[in-house]
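Down below is the structure, laid out as structure tokens.
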Amino acid sequence: MSTTTLDPPFALAPPNAQSYRDFRTVADWASAIRGNCLDFTYGDDTGRMSVELVENGLVLTPPNAQRPVVTQVEFTVIGANESLFLDGHDCSALFWSESAVEKFLFPCFASAAADDAPRFLGRLCDAWYGYPGRVVQVCALAYRYGIDAELSQLSLESSVGLVCLERSSGTLKLMGLNEFEQRYPLGAARGTGPVDLESPGFPVLKQLRGWPAERLDSIRAREAAELVSGLRGHYVWFTLEDGTLTPWICPTEEPVGRPEDVVMHGVAVTVRPDRPEPFSVNVGVNVSEDFFQVVSTGTAAVPDSMFWTDGAVEKLLLPYYASVKGRDGSFFNHVLMGKWDGLIPPDCTDPASSLTALKRYFPGAAAATAGDDLPTSSVYAITHLPRSEYVSDGLEEGLSPALEHRTRLLTLDGDGTFGAHPVFHGA
């Protein structure tokens, strides 16, 4: 019997070298920390990546634009003694709904964790969904790839923060996943408690803006899925009539005045109905003493997440819309990034004007140079809303239902005026 010796790269025992996850860690942190030279090292004894600022470091990712910088995010829930202030330099995005966590965070972490994804996502889900509600409630998740985050050993565990309400003291705290697991037992019963059928958002049957469709395709089916996901605890019916797929929403299974000719219906149940909703979310930037109110209790226009750095926008928003929008994803993401980067005015209503941004993004195809000057943008954050109907109030009549209104650009103009603009205003 003969034996065969396998030479690298087919060695039976792989060397202690950096893996995909390690290179992905480098890429993700380089995306977060813009404009600084970084040096990443791999610990042979720990299997961890470390990073430090070095004058002539190997890795340098330039910022997309000069913009107002988010310095603080004030997060408040009912039952807390006082607000929690998140450092805008240590975090880059915040999610306070189950739908937003599932569509933005989970896919990103599943990709970054590679073969370790089931274990890591299991731990995160145990904390997000299985917290012991008698002693603590997890109200939101923070994405902790910050622009000035503490530079040390890097791991996925350190890249997510849990906004926790301690029941006994009424204190809001930001905890790491490791700290949370050590402090609180996991695996509590999920889905306990009644769903609030008297939600102020939908006390009666309500018709929402629909999508143009003669019949369903993959993109419209995905849009319907996203709508149902964002409206936890509400029954959603869809009618297909006169070339429009129309959603109808009500918090009861058989409402009075149920629409005829329903082609499909569904409901997404809230996993933790006891999770406190934010009473208010306010954001402060470095060039203003005022705070902009992102969430105010009792209003209909309530986002479920916010992103405020180049890295968070590129790693979380772009993949989501590339998936949801199908073949239109490239155009939507082009306009989104054009406005985020200051190449397209945030209040621009003419989608054709986005072609001017091609010179910056694709200098070869546009037969022009990208230019060395860093553009200036007034957009300091982007919010996502569970359904497009939230931003219809105050906009001009006759909007095309095909246009996207779920994503809003938060701006601070030169005169100190705060604004909020949907990515597409109308046709």
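List of remarks:
- Every residue from the range 90-125 that is surrounded by fewer than 19 Cβ atoms within 10 Å (Cβ to Cβ) and acidic (Asp, Glu): 90, 102, 115, 116
- Picking from residues in the range 217-256 that are among the polar types (S, T, N, Q) and not in a loop (DSSP other than H, G, I, E, B), the one that is farthest from residue 326 (Cα to Cα) is 239.
- The residues on offer are 423, 391, 379, and the sole one that is modelled with pLDDT under 50 and under 19 Å from the mean Cα position of the chain (by Cα) is 391.
Table: residues versus (1) within 24 Å of residue 70 (Cβ to Cβ); (2) in contact with a strand residue (DSSP E or B) (Cβ under 9 Å, 6 or more places away or on another chain); (3) charged (D, E, K, R).
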residue	(1), (2), (3)
105	yes, yes, no
112	yes, no, no
120	no, no, no
128	yes, yes, no
146	yes, yes, no
158	yes, yes, no
163	yes, yes, no
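- Single match in 230, 210 (criterion: in contact with a Ser or Thr (Cβ under 6 Å, 6 or more places away or on another chain), modelled with pLDDT under 90 and under 22 Å from residue 381 (Cβ atoms)): 230
- Filter result for residue 83 (of a type in the set (S, T, N, Q), crowded, with 20+ Cβ neighbours inside 10 Å and modelled with pLDDT of 95 or more): no
- Condition check for residue 67: within 22 Å of the chain's Cα centre (by Cα), within 24 Å of residue 295 (Cβ to Cβ) and basic (Lys, Arg): yes
- Residue check, residue 302 within 30 Å of residue 131 (Cα to Cα), touching a helix residue (DSSP H, G or I) at 6+ places or on another chain (Cβ under 9 Å) and in contact (Cβ under 8 Å) with a residue 40 or more places away in the chain: yes
- All positions within the range 129-155 that are free of Cβ contacts under 8 Å to residues at least 60 places away in the same chain and outside any strand (DSSP E or B): 132, 134, 135, 144
- Tally of residues being part of a helix (DSSP H, G or I) and polar (S, T, N, Q) across the range 300-341: 3
- Members of the range 74-93 that are touching a Phe, Trp or Tyr at 6+ places or on another chain (Cβ under 7 Å) and not acidic (Asp, Glu): 76, 77, 78, 83, 84, 86, 88, 91, 92, 93
Results for (1) farther than 23 Å from residue 340 by Cβ; (2) not hydroxyl-bearing (Ser, Thr, Tyr), shown as yes or no for each residue.
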| position | (1), (2) |
| --- | --- |
| 32 | no, yes |
| 37 | yes, yes |
| 46 | yes, no |
| 50 | yes, no |
| 70 | no, yes |
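- Within the range 339-373, considering residues that are at pLDDT 85 or above and touching a Pro at 6+ places or on another chain (Cβ under 7 Å), the one surrounded by the fewest Cβ atoms within 10 Å (Cβ to Cβ): 342
- Hey, residue 71 at pLDDT 95 or above and hydroxyl-bearing (Ser, Thr, Tyr) or not: yes
The values are calculated or read from the model by the stated rules, or taken from the named source; none is laboratory data. From a predicted model like this one, the values you see are computed outputs, not experimental measurements. Cβ: placed from backbone, ideal geometry, glycine included. Neighbour counts: every protein chain shown.
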